[in-house]
Amino acid sequence: MAAANFRRMRDDDERWMAEALAEAHAAAAAGEVPVGAVIVHDGMVVARAQNRMRRDRDGTSHAELLALRAAAPVVGDAQLGACTLYVTLEPCAMCAGAIVLARVGRLVFGAWDDKAGMVGSVGDIVRHPRLNHRPEVRAGLAADAAAALLRDFFAARRAAEAPAAAVAADTPAGTPAASRGSHAAG
């Protein structure tokens, strides 16, 4: 019986992570860093989100935070202990802290983030022994797909920015073209 439940949970995890990856693809199509999140409660999606930092002009518009904010009113409680958060990238410090404060019951993430991940890569906020809540964590689900999406997104962004940087480098300082180039990069 326990093996069947574990197998069902793993199958469900793959299903919901695919939903989070769809959100990440939508973020990429909108020019955002491709991170997607889905929150599931009682076998149903209660919130879905994607990074919106550029669109919202808000550095806190990470997929996880947006999903947490959307899920609470649907569930009817700020504490999401009966929920699982699926996110395509290891949460940063801000998002890991929000996951703890929202008391999310379970966290499943895809790609590891060696530069900012706070669920094991750089630090581990969600399992810190002095905090009063520690969600169950499953790491690395669909990690290859999530990492490839991020890698391709940033490679395309660098390729698009390279011609603008080359023009700016070839233009004498102080000319209108140099000014336009610096604004385009910022």
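The values are calculated or read from the model by the stated rules, or taken from the named source; none is laboratory data. This one's a predicted model, so the numbers in the text were calculated from it and none came from an experiment. So basically every Cβ, Gly included, is an ideal-geometry build from the backbone, and we count neighbours across all protein chains shown. All accessible areas refer to the heavy atoms of the entire protein, side chains included, with ligands and DNA or RNA removed. Shrake-Rupley method; radii C 1.70, N 1.55, O 1.52, S 1.80 Å.
So that you can scan it fast, the table gives a plain yes or no per residue for (1) open to solvent by 70 Å² or more (accessible area, probe 1.4 Å); (2) closer than 21 Å to G140 by Cα; (3) not in a helix (DSSP H, G or I):
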| position | (1), (2), (3) |
| --- | --- |
| D13 | no, yes, no |
| M17 | no, yes, no |
| E23 | no, yes, no |
| V40 | no, yes, yes |
| G59 | no, no, yes |
| P73 | yes, no, no |
| D77 | yes, no, yes |
| L80 | no, no, yes |
| A96 | no, yes, no |
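Restricting attention to the stretch 98-110, which residues are open to solvent by 50 Å² or more (accessible area, probe 1.4 Å) and closer than 27 Å to A26 by Cβ? Residue satisfying the conditions is L101 alone. Scanning the stretch 131-186 for residues that are among the hydrophobic types (A, V, I, L, M, F, W, C), at pLDDT 60 or above and farther than 30 Å from A102 by Cβ yields A155, A156, A159, A160, A162, A164, A165, A166, V167, A168, A169.
State yes or no: is R48 of a type in the set (K, R) and within 17 Å of D12 (Cβ to Cβ)?
Details: of a type in the set (K, R): yes; within 17 Å of D12 (Cβ to Cβ): yes.
Judged against the criteria, R48 is a match.
Within the stretch 111-124, being within 25 Å of R10 (Cβ to Cβ) and open to solvent by less than 40 Å² (accessible area, probe 1.4 Å) holds for A111, D113, G117, M118, V119. The residue that is farthest from H25 (Cα to Cα), among those in the stretch 150-160 that are open to solvent by 50 Å² or more (accessible area, probe 1.4 Å) and of a type outside the set (G, A, S), is R158. Look at the stretch 78-92: where a residue is farther than 18 Å from M118 by Cβ and free of Cβ contacts under 8 Å to residues at least 40 places away in the same chain, no partner that is open to solvent by 30 Å² or more (accessible area, probe 1.4 Å) and β-branched (V, I, T) sits 6+ places away or on another chain with Cβ atoms under 7 Å.
The test for being open to solvent by less than 20 Å² (accessible area, probe 1.4 Å) and within 16 Å of L149 (Cβ to Cβ) does not hold for G31. Looking only at the stretch 128-149, residues that are part of a loop (DSSP other than H, G, I, E, B) and buried (at least 17 other Cβ atoms within 10 Å of the Cβ) come to 3 in all.
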